[in-house]
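Step one of this worksheet: look at the structure below.
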Amino acid sequence: MSYHRKTRNYEWVIHLIIRLSIGIFFFVTGFNKLTVDANHKSMLETLTGTGMPFPVVASYLLSGIEMIAGTFLFLGLFKRLSSVVLIVVMIAAILTVNLHSIPSGLPLHTWLSYFFYLPEFLLILLLAYLAASPVRDLELQSLFSRKR
């Protein structure tokens, strides 16, 4: 058996671990922002600091989106849609909050090292992988996607 064939046998395990981990992560963070006062207050302060209109509404909306999309990812339902929605949320977080945390006046290679170190950047890559991947057997969506 070739190396390539052996590694393809385990590809589904890596995909499953990524999907479940990202799903749990977004469910838990969204849930905590909705139910833990300190977390909700922190998010509200962040949104207010960015000048986002209607920060109270936005805080509940974004937290709910994270929780619902995380649940869908965990279950393997609407994986592409959930991934794309969360990518948009992560891009918004980078543009409104994280870019301002990178020191100014850095050489490009140093600035890029700060940027690539942002957790949101890694989440975008993982979500893009999930969005681009086909429906797998261990996803509930596979029950609806099979041709009969």
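The values are calculated or read from the model by the stated rules, or taken from the named source; none is laboratory data. Predicted model, so just to flag it, every value in this text is computed and none were measured. So basically every Cβ, Gly included, is an ideal-geometry build from the backbone, and we count neighbours across all protein chains shown.
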So for the stretch 92-102 (the condition being among the hydroxyl-bearing types (Ser, Thr, Tyr) and over 11 Å from the mean Cα position of the chain (by Cα)), does at least one residue qualify?
yes
Of everything in the stretch 95-110 that's in a helix (DSSP H, G or I) and of a type outside the set (S, T, N, Q), which residue is surrounded by the most Cβ atoms within 10 Å (Cβ to Cβ)?
Val97
All but one of (1) closer than 18 Å to Ile17 by Cβ; (2) in contact with a Leu (Cβ under 8 Å, 6 or more places away or on another chain) hold for Val56; state the number of the condition that does not hold.
(1)
Among the residues that make up the stretch 26-49, is at least one of them in a loop (DSSP other than H, G, I, E, B) and farther than 28 Å from Lys79 by Cβ?
no
For Leu143, indicate whether it is surrounded by fewer than 15 Cβ atoms within 10 Å (Cβ to Cβ), out of contact with any helix residue (DSSP H, G or I) (no Cβ under 9 Å at 6 or more places or on another chain), free of Cβ contacts under 8 Å to residues at least 24 places away in the same chain and farther than 30 Å from Leu16 by Cβ.
no
Just name the residue that is modelled with the lowest pLDDT out of those in the stretch 136-148 that are in a loop (DSSP other than H, G, I, E, B) and over 18 Å from the mean Cα position of the chain (by Cα).
Arg148
Looking at the stretch 52-94 only, could you name the residues that are in contact (Cβ under 8 Å) with a residue 60 or more places away in the chain and part of a helix (DSSP H, G or I)?
Leu75, Lys79, Leu86
Which one is surrounded by the most Cβ atoms within 10 Å (Cβ to Cβ) among residues in the stretch 111-140 that are acidic (Asp, Glu) and in contact (Cβ under 8 Å) with a residue 60 or more places away in the chain?
Glu139
Qualifying residue in the stretch 14-31 (condition: among the hydroxyl-bearing types (Ser, Thr, Tyr), within 26 Å of Leu143 (Cα to Cα), at pLDDT 95 or above and touching a Leu at 6+ places or on another chain (Cβ under 8 Å))
no
Within the stretch 32-76, the residues that are under 26 Å from Pro134 (Cβ atoms) and at pLDDT below 95 are Gly76
